[in-house]
Amino acid sequence: MFRVKVIDYFSSAHRLRGYDGNCENLHGHNWKVEAVLAGESLDNIGLLVDFKVIKVKLKAILEELDHIFLNDHYYFIKINPTSENLAMFIHNKLYESFGSLIDSVSVWESENSSAEYSCH
């Protein structure tokens with residue numbers, strides 16, 4: 001199995017609805033996002049997927065989330081903008097471009113806390 005990983009960043013604010021604690025209040029993060037693609041075979045020049053292509057697709061998704069109040073984003077109007085739900089949102093958007101090659105997405109809200117979403 002071949003695995004490739006791309007990392008990018010975005011900044012945004014959110015508040016966790018129904019949370020009993022400080023995270024219920026408006027606060028922000030400098031999010032780190034890791035997207036992992038995996039597959040059994042390489043193309044004719046030895047690539048699973050060109051890093052450049054993955055970076056462009058991931059950047060477009062993160063630009064949609066960058067410097068906004070996540071609770072106002074169409075996807076998070078009814079879904080809490082937790083790290084877990086952010087990981088699932090980004091994974092599902094990448095699936096539109098890469099299909100079953102998208103293995104997992106991890107969203108880091110701090111240096112030592114992340115959530116990962118995978119269909120596998």
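The values are calculated or read from the model by the stated rules, or taken from the named source; none is laboratory data. Quick caveat, the model's predicted, so the values are computed rather than measured. Quick reminder, even Gly has a Cβ in these numbers, built from the backbone with ideal geometry, and neighbours come from all protein chains shown. Calculation scope for accessible area: heavy atoms of the full protein, side chains included, ligands and nucleic acids excluded. Shrake-Rupley method; radii C 1.70, N 1.55, O 1.52, S 1.80 Å.
Is it the case that segment 59-75 has a residue that's within 19 Å of Ala13 (Cα to Cα) and touching a residue at least 60 places away in the same chain (Cβ under 8 Å)?
Going through segment 59-75, the residues within 19 Å of Ala13 (Cα to Cα) turn out to be 59-75.
In the following step, the residues that additionally are touching a residue at least 60 places away in the same chain (Cβ under 8 Å) were identified as none.
Checked against the condition, which is being within 19 Å of Ala13 (Cα to Cα) and touching a residue at least 60 places away in the same chain (Cβ under 8 Å), segment 59-75 yields no hits at all.
Residue pairs, Cβ under 6 Å, 6 or more apart or interchain, first in segment 19-44 and within 15 Å of Ser110 (Cα to Cα), second in a loop (DSSP other than H, G, I, E, B). List them.
Cys23/Leu16
Within the group Ser106, Ser83, which residue is under 9 Å from the mean Cα position of the chain (by Cα), crowded, with 17+ Cβ neighbours inside 10 Å and farther than 19 Å from Arg15 by Cβ?
On the way: Ser83 fails: farther than 19 Å from Arg15 by Cβ.
Being under 9 Å from the mean Cα position of the chain (by Cα), crowded, with 17+ Cβ neighbours inside 10 Å and farther than 19 Å from Arg15 by Cβ holds for just one of Ser106, Ser83, which is Ser106.
Phe98 - would you say it is without any contact (Cβ under 8 Å) to a residue 40 or more places away in the chain, in a helix (DSSP H, G or I) and surrounded by 14 or more Cβ atoms within 10 Å (Cβ to Cβ)? Give the derivation first.
Details: without any contact (Cβ under 8 Å) to a residue 40 or more places away in the chain: no; in a helix (DSSP H, G or I): yes; surrounded by 14 or more Cβ atoms within 10 Å (Cβ to Cβ): yes.
Spelling it out, it is not the case that Phe98 is without any contact (Cβ under 8 Å) to a residue 40 or more places away in the chain, in a helix (DSSP H, G or I) and surrounded by 14 or more Cβ atoms within 10 Å (Cβ to Cβ).
For Ser12, which of the numbered conditions (1) farther than 27 Å from His120 by Cβ; (2) touching a residue at least 24 places away in the same chain (Cβ under 8 Å); (3) open to solvent by 30 Å² or more (accessible area, probe 1.4 Å) fails to hold?
Just one mismatch for Ser12, condition (3).
Within the bounds of segment 50-65, is there any residue that is touching a strand residue (DSSP E or B) at 6+ places or on another chain (Cβ under 7 Å), of a type in the set (Asp, Glu) and not in a helix (DSSP H, G or I)?
Kept after step one, since they are touching a strand residue (DSSP E or B) at 6+ places or on another chain (Cβ under 7 Å), are these residues of segment 50-65: 51, 54-55, 58-59, 62, 65.
Still in the running and of a type in the set (Asp, Glu): none.
The answer is no, given that none of the residues of segment 50-65 is touching a strand residue (DSSP E or B) at 6+ places or on another chain (Cβ under 7 Å), of a type in the set (Asp, Glu) and not in a helix (DSSP H, G or I).
Restrict the check to segment 51-64 and report whether at least one residue is surrounded by fewer than 18 Cβ atoms within 10 Å (Cβ to Cβ), within 17 Å of Phe2 (Cα to Cα) and not basic (Lys, Arg).
yes
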